[in-house]
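The values are calculated or read from the model by the stated rules, or taken from the named source; none is laboratory data. What you see is a predicted model; the values in this text were computed from it and never measured. Using ideal geometry, Cβ is built from the backbone for each residue, glycine included, and neighbour counts are taken over all protein chains shown. All accessible areas refer to the heavy atoms of the entire protein, side chains included, with ligands and DNA or RNA removed. Shrake-Rupley method; radii C 1.70, N 1.55, O 1.52, S 1.80 Å.
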Amino acid sequence: SVAGYAGLEQKMKGWEQMAASMVSKPRNVWTGKSTICIEWDSTVTTRDGRTVQLLETAVHEIKDGKVQGGRYYYRPAGLAPPQQSLPGV
């Protein structure tokens, strides 16, 4: 969980260490009185040169016209570096 500007800054630094670039397109967007839900289709180029498809669902909670919090659902294993097998295993 991330709190405040310092938490967001730390989260972004971690992302920037892993991702060289990302291109995203919203697939579906739903809005409610206090919630916005977006399904994203993204292509991430990692710093180790891989190109990874990332499907993500973001749920943002809104209060007084500002985002108060968010939850992100995706498969983190898709961004993990490939596992190297040991010789003879």
| request: Give the number of residues within region 4-17 that are open to solvent by less than 80 Å² (accessible area, probe 1.4 Å) and at pLDDT below 75. | output: 2
| What residue, among those in region 55-77 that are loosely packed, with under 10 Cβ neighbours inside 10 Å and among the small types (Gly, Ala, Ser), is farthest from TRP40 (Cα to Cα)? | GLY65
| task | Restricting attention to region 18-38, report how many residues are surrounded by 10 or more Cβ atoms within 10 Å (Cβ to Cβ), touching a Phe, Trp or Tyr at 6+ places or on another chain (Cβ under 9 Å) and over 16 Å from ALA80 (Cα atoms). | result | 6
| When both residues are 6+ apart or on different chains and their Cβ atoms are under 7 Å apart, which pairs have a first residue that lies in region 40-52 and is free of Cβ contacts under 8 Å to residues at least 40 places away in the same chain and closer than 15 Å to ALA77 by Cβ, and a second that is among the small types (Gly, Ala, Ser) and open to solvent by 50 Å² or more (accessible area, probe 1.4 Å)? | THR46/ALA20
| For region 1-86, which fully contained strands (runs of 3 or more DSSP E) count at least 2 residues that are in contact with a Leu (Cβ under 9 Å, 6 or more places away or on another chain)? | 19-31, 35-46, 51-63
